[in-house]
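Heads up, the thing below is written out as structure tokens.
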Amino acid sequence: MTQSPAPHFKQPLQESPFHERARALSQVDSFIPWAGYTTVDVFTTMEQEYFSIRNATTLYDLTPMIKYRVAGPDALPYLNRLLTRDVAKLKADRVAYSVWCNDAGHLIDDGTLFRLGTDDYRLCTAERQLDWLLDSAIGFDVEVAEVTEQIAALAVQGPTSCAVLKSFGLEGVERIKPFEIGYFNLGAIRLTVSRTGFTGDLGYELWMEPDAAVAVWDGLMSAGASRGIRAIGSQALNVARIEAGFVMPNIDFVSAEHTIRTGRDRSPLELGLGWLVDFNKGHFTGRRALLEERARGPQRRLVGLDIEGNKPAHNALLYTDDSGRHEIGSVTSAVWSPTCKRNIALAIVDAPHFHVGSTVWADIYLNRELVWERRMSRARVVERPFFSPERRRATPPADF
Amino acid sequence: MAGAATSRYDCIVIGAGHNGLVCAATLAKGGRSVLVLEAAATVGGAALTREFAPGFRVSAGAHLLHLMPADLLKDLKLASHGLEWAAQRMTSTALLPGGGGLSFGPGAAGEGRSAGGGMASTALLPGGGALSFAPSAAGEGGSAGRGMAKLPDGEGLSAADAQAFADYNARMRRYAAALAPILSRPPPRLGTTAWEDRLSLLRIGWAIRRLGKRDMRELLRIGGMNVFDLLEDNFDSAALKGALGLDAVLGSNFGPRSPGTVLTLLYRLAGEYAAGSAGLSMPKGGMGAVCDALARAASAAGATIRTAATVASVRVEGDRAGGVILESGERIDGNAVISSADPKTTFLGLVGARHLDTGFVRRVHHLRCRGLAAKLHLALDRAPAFNGVSGAASRGRLLIAPSLQHIEHAYNHAKYGEFSSQPVMEITVPTQSDASLAPAGRHVLSAIVQYAPYSLKAGWEEGRARFMDTALDSLERYSPGLRASIVGAELLTPVDMEREFRISGGHWHHGDLAFDQFLMVRPVPGAAQYRTPLAGLFLCGAGCHPGGGVMGIAGRNAARQILGTSVAAP
């Protein structure tokens, strides 16, 4: 077990290898910290960037995503004990989305697991958690190391993204299926390309050595010039991810390793991620607690809401009826969906109101030129995702 | 490698130490079919008598029995299974650096519950002589003073100290009496609404409240203190303080100034109170005789005991312990697997992390269980004579701990990975009471020597000879000519004990007895009621409440828990 020697503490915010390019394109100087890096929140306007995700191709700097290399003879049993999914089913050059829990069956984080070789995996996470990963390694012959800074990453997402990558020179990229990994050589540049993303749209993620970052960025920008390529910040991505129904740590749930108050932890069953939990694969951390919870039935669940009106229900409390007397949950993420033309939200709703088709009432506060108004809006519990286009799955994707 | 199941039992007990055997005997008496599997060639675990030099035998681990409850001895009819006593109610004598000692006598025989007779302890004084004091600091309830009446107004022991000692004994005995019942029950779980947990908590609270306002207040005041301050508050005599302080740190990872050492002392006293009136005792034939009798009791109750049968792993099937696999590959099925091995060995070795949750494994991994006590065995060609100490006193327990500062200094070395240059010791000369342990006219000296840290910076290969030398030098100071009478010697460091007795870290108590490893958190939350996160797997060793020493309560508590638990076939 080795640890990254990088002295994070010496530089409060690091710059990713794409930073110079991002700085040059930033029109509104809107940078925010993310996992120790300074990253772009908005380049131009959120709306312009969002529509590029749904109509063209976008570049999003993923470098700050925490990455761990997990390798060694026990990598598979280690990961199977760590994650809720059956990692044995993950073939080489494939990616799996999964979650992992503490002993109480409460979510520590979600992330993607890349199988890069027989006993060689990469785990991408939202939060740093080397301590948990190392503690999980007690009794396993496995090496866990943080490799965040050794790998630059760029998300290339949008309906024309495949075409852009092809014209960039990635021959055969169109054959990569969702959650599959491909390897490419562009001159001296080695690129690992996975068909994954956080937009719910057609898209890819490119993984490379930091030295290659600028060349790849420039190459993509020129290859995509005629296909409306645009760099985007986190705000636009957030709208897309809500439409796609993806949960965000610290927004839709708080890691069980970070919660202080009792009852604030969330289990995968509560987050509607029960499909990620394989009870038949053998033991994993949290299994016994989750079995008990399953038998008991979840007390609350994360659901999608379709809310009347067009005012996003940010932070709204939810009630059984418009009297606002019986509180049954709250909204964790809300947005007016520009593509669905629906007022959507992710919300935690208590039993038994979380079933699809149930009606709940959202208490929405509106600031109208500094005058606060309150609106009780009817909302329906609906299926997630709100938006899932056919192009997300089509292989090969349509050409543009 | 696992062959077809050869046999099936209700309960498989791993380890034939005293806890494993008590557990097995209790389960067998409760009607379960029981198999005990012991890796060594004989039963006993660390409660073992074995030859260490030709013709010389010694209790390889603990050499005094003072914590095993009388009702346990009686329930299992150990007397009729051959357990006899070489000595009971032994005296303790604090050896004084200048010679002589301060003896603590067991007090007048027949006096109440415990006065009749613990062994006495003697603190050897450097100038010769010793301070003798009554067994089980328990003293005699309100009348503790009487037991002390024979205290010599020897060097350094003023009339004020004698009176303070009587008061102290009486008070500590009341606390021991209040705390003793806690030992014989499974500790309560926290955060549950189950009535037995609440009742259990209530009982602890009530026992303390019932002491009365003054005693309760005092108990709560001293409960979190260190024993150094407590004894400084009470006494002047350095030898007395040293002797009393040693009991708080014997076998543990503490010096007298370490926080929580009053609690460890109270715990020991509570254990002695629960054990009843025999006080410090020595079984005839050494500590191994206890386990031999336990083994006979277990067999008589119907348990099968197999020695030289090393368990390689606990078999997990359907998220349940379903039996064990031996190193030979033999597979034995059981509805319940009960491990008397220490928690680390059990969970990380026999079960394996992959069957357990990360948080639980982390807690087990972090258990503090690095031993600091070494055991020194000397074969002597004549009876050792201690400067100015009477023959009677040298039949008891002799202590080298001339002052609290001395103990603390000895501990300081250990904190930094060195052995003590001036170690503290608990010495017995078992052959004074039990001639069968050595050839005629010859003697055995058995000493617990502290501090000998498990992780010695220099490594034990390098340090062994030097530490032996250091220990012998200390002994020679109190017993001139001892070195010349040595015909054989053995030093067991914690590393040796880890290897010989298969205890992680070679820790006597399978883990420090400390605030955060007590009661409902012993050994770790999630396994503190003898049950474990893995269904069908139980613990019954010293790593569980109420802990170590040759006590047997953990084994009995575990058996009772299992008998009250359904262990139906999976």
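Among the residues of region A:54-67, the ones that are buried (at least 24 other Cβ atoms within 10 Å of the Cβ) and either more than 16 Å from the chain's Cα centre (by Cα) or part of a strand (DSSP E or B) (or both) come to 5 in all.
Evaluate region B:248-270: report whether one residue or more is without any contact (Cβ under 8 Å) to a residue 24 or more places away in the chain and over 15 Å from B:Asn169 (Cα atoms). Looking through region B:248-270, none of the residues is without any contact (Cβ under 8 Å) to a residue 24 or more places away in the chain and over 15 Å from B:Asn169 (Cα atoms).
Taking the stated definitions as given, is A:Arg230 among the charged types (D, E, K, R), assigned to a loop (DSSP other than H, G, I, E, B) and either more than 14 Å from chain B (Cβ to nearest Cβ) or touching a strand residue (DSSP E or B) at 6+ places or on another chain (Cβ under 7 Å) (or both)?
Details: among the charged types (D, E, K, R): yes; assigned to a loop (DSSP other than H, G, I, E, B): no; either more than 14 Å from chain B (Cβ to nearest Cβ) or touching a strand residue (DSSP E or B) at 6+ places or on another chain (Cβ under 7 Å) (or both): yes.
No.
Exactly one residue out of B:Gly271, B:Gly255, B:Gly279, B:Gly285 is at pLDDT 95 or above and crowded, with 24+ Cβ neighbours inside 10 Å, and it is B:Gly255. Residue pairs whose Cβ atoms lie under 6 Å apart, separated by 6 or more positions or on different chains, with the first residue in region A:43-58 and under 18 Å from A:Ala223 (Cα atoms) and the second outside any helix (DSSP H, G or I) and open to solvent by 20 Å² or more (accessible area, probe 1.4 Å), are A:Ser52/A:Arg230; A:Ala56/A:Gly228; A:Thr57/A:Ile229; A:Thr58/A:Arg230. Just one of the numbered conditions (1) within 14 Å of another protein chain (Cβ to nearest Cβ); (2) in a loop (DSSP other than H, G, I, E, B) is not true of A:Pro312: (1).
Return the only residue of A:Ala163, A:Ala212, A:Ala236, A:Ala223 being open to solvent by 10 Å² or more (accessible area, probe 1.4 Å), among the small types (Gly, Ala, Ser) and touching a helix residue (DSSP H, G or I) at 6+ places or on another chain (Cβ under 8 Å).
Working: A:Ala163 fails: open to solvent by 10 Å² or more (accessible area, probe 1.4 Å); A:Ala212 fails: touching a helix residue (DSSP H, G or I) at 6+ places or on another chain (Cβ under 8 Å); A:Ala236 fails: open to solvent by 10 Å² or more (accessible area, probe 1.4 Å).
After ruling out the rest, the residue left standing is A:Ala223.
Being at pLDDT 95 or above, closer than 30 Å to A:Trp132 by Cβ and surrounded by fewer than 19 Cβ atoms within 10 Å (Cβ to Cβ), is that true of even one residue in region A:334-346? No; the residues of region A:334-346 include none that is at pLDDT 95 or above, closer than 30 Å to A:Trp132 by Cβ and surrounded by fewer than 19 Cβ atoms within 10 Å (Cβ to Cβ). Here B:Arg257 meets each of (1) outside any helix (DSSP H, G or I); (2) out of contact with any strand residue (DSSP E or B) (no Cβ under 8 Å at 6 or more places or on another chain); (3) under 20 Å from B:Val550 (Cβ atoms) with one exception, condition (3). The residues of region B:523-535 that are within 14 Å of another protein chain (Cβ to nearest Cβ) and open to solvent by 10 Å² or more (accessible area, probe 1.4 Å), listed by number, are B:Pro525, B:Gly526, B:Arg531, B:Thr532, B:Pro533, B:Ala535. Tell me, please, whether a residue that is in a loop (DSSP other than H, G, I, E, B), under 29 Å from B:His507 (Cα atoms), open to solvent by less than 10 Å² (accessible area, probe 1.4 Å) and touching a residue at least 60 places away in the same chain (Cβ under 8 Å) can be found in region B:2-24. Yes; the residues of region B:2-24 include at least one that is in a loop (DSSP other than H, G, I, E, B), under 29 Å from B:His507 (Cα atoms), open to solvent by less than 10 Å² (accessible area, probe 1.4 Å) and touching a residue at least 60 places away in the same chain (Cβ under 8 Å).
Of the residues that make up region A:59-69, is at least one away from chain B (no Cβ under 14 Å) and more than 21 Å from A:Met248 (Cα to Cα)?
Pass one, region A:59-69, residues away from chain B (no Cβ under 14 Å): A:59-69.
Applying the additional criterion that residues be more than 21 Å from A:Met248 (Cα to Cα) yields A:69.
Yes, because at least one residue in region A:59-69 is away from chain B (no Cβ under 14 Å) and more than 21 Å from A:Met248 (Cα to Cα).
Of the residues making up region A:347-400, those that are without any contact (Cβ under 8 Å) to a residue 60 or more places away in the chain, exposed (fewer than 15 other Cβ atoms within 10 Å of the Cβ) and in a loop (DSSP other than H, G, I, E, B) number 7.
In the set A:Gln235, A:Gln299, only one residue is out of contact with any Cys (no Cβ under 9 Å at 6 or more places or on another chain) and modelled with pLDDT of 95 or more; that residue is A:Gln235. Residue pairs whose Cβ atoms lie under 8 Å apart, sitting 6 or more positions apart in sequence or on different chains, and linking a residue in region A:195-219 that is β-branched (Val, Ile, Thr) to a partner that is part of a helix (DSSP H, G or I) and modelled with pLDDT of 95 or more, are A:Thr199/A:Ile53; A:Thr199/A:Leu237; A:Thr199/A:Ala240; A:Thr199/A:Arg241; A:Val214/A:Glu20; A:Val214/A:Arg21. Close Cβ contacts (under 8 Å, 6 or more residues apart or on different chains) running from residues in region A:114-142 that are under 18 Å from A:Ala153 (Cβ atoms) and of a type outside the set (S, T, N, Q) to residues that are in a loop (DSSP other than H, G, I, E, B) and open to solvent by less than 10 Å² (accessible area, probe 1.4 Å) comprise A:Glu127/A:Ser255.
What are the residues in region A:246-274 that are within 16 Å of A:Gly304 (Cα to Cα) and not acidic (Asp, Glu), if any?
Here is the first cut: in region A:246-274, the ones within 16 Å of A:Gly304 (Cα to Cα) are A:246-248, A:251-253, A:268-274.
Within region A:246-274, A:Phe246, A:Val247, A:Met248, A:Ile251, A:Phe253, A:Pro268, A:Leu269, A:Leu271, A:Gly272, A:Leu273, A:Gly274 qualify.
When only residues in region B:536-557 that are in contact with a strand residue (DSSP E or B) (Cβ under 6 Å, 6 or more places away or on another chain) and more than 14 Å from chain A (Cβ to nearest Cβ) count, which is modelled with the lowest pLDDT?
Going residue by residue through region B:536-557, those that are in contact with a strand residue (DSSP E or B) (Cβ under 6 Å, 6 or more places away or on another chain) are B:536-540, B:550.
If we keep only those that are more than 14 Å from chain A (Cβ to nearest Cβ) too, we end up with B:538-540, B:550.
Values: B:Phe538: 98, B:Leu539: 97, B:Cys540: 97, B:Val550: 93.
That would be B:Val550.
Looking across region B:320-342, the residues that are closer than 28 Å to B:Pro453 by Cβ and either within 12 Å of chain A (Cβ to nearest Cβ) or open to solvent by 10 Å² or more (accessible area, probe 1.4 Å) (or both) come down to B:Ser340, B:Ala341. Scanning region B:493-531 for residues that are part of a loop (DSSP other than H, G, I, E, B), at positive phi and not aromatic (Phe, Trp, Tyr) turns up B:Arg502, B:His510, B:Gly511, B:Gly526. Within region A:281-304, being surrounded by 19 or more Cβ atoms within 10 Å (Cβ to Cβ), hydrophobic (A, V, I, L, M, F, W, C) and away from chain B (no Cβ under 12 Å) holds for A:Leu302, A:Val303.
Out of curiosity, is B:Ser281 of a type in the set (S, T, N, Q) and in contact with an Asp or Glu (Cβ under 6 Å, 6 or more places away or on another chain)?
When the stated conditions are applied, B:Ser281 does not pass them.
Here A:Ser330 passes the criteria (1) free of Cβ contacts under 8 Å to residues at least 24 places away in the same chain; (2) within 14 Å of another protein chain (Cβ to nearest Cβ); (3) of a type in the set (S, T, N, Q) except the one numbered (2). Checked against (1) assigned to a helix (DSSP H, G or I); (2) open to solvent by less than 20 Å² (accessible area, probe 1.4 Å); (3) away from chain B (no Cβ under 14 Å); (4) out of contact with any helix residue (DSSP H, G or I) (no Cβ under 6 Å at 6 or more places or on another chain), A:Phe51 meets all criteria but (2). Selection of region B:296-319 for residues being basic (Lys, Arg) and either in a loop (DSSP other than H, G, I, E, B) or open to solvent by less than 50 Å² (accessible area, probe 1.4 Å) (or both) yields only B:Arg315.
Go through (1) open to solvent by 30 Å² or more (accessible area, probe 1.4 Å); (2) over 30 Å from B:Leu179 (Cβ atoms); (3) in contact with a helix residue (DSSP H, G or I) (Cβ under 6 Å, 6 or more places away or on another chain) and name the single condition B:Asp292 misses. Here B:Asp292 meets the rest and fails (3).
Name the residues in region B:285-308 that are of a type in the set (Gly, Ala, Ser) and closer than 12 Å to B:Gly20 by Cβ, would you? The answer is B:Ala295, B:Ala298, B:Ala303.
The values are calculated or read from the model by the stated rules, or taken from the named source; none is laboratory data. Because the structure is a prediction, the values reported are computed rather than measured. When we count neighbours, we look across all protein chains shown, and the Cβ atoms used for this are built from the backbone with ideal geometry, even at glycine. For the accessible areas, the whole protein counts, side chains as well, though only heavy atoms, and no ligand, DNA or RNA atoms are used. Shrake-Rupley method; radii C 1.70, N 1.55, O 1.52, S 1.80 Å.
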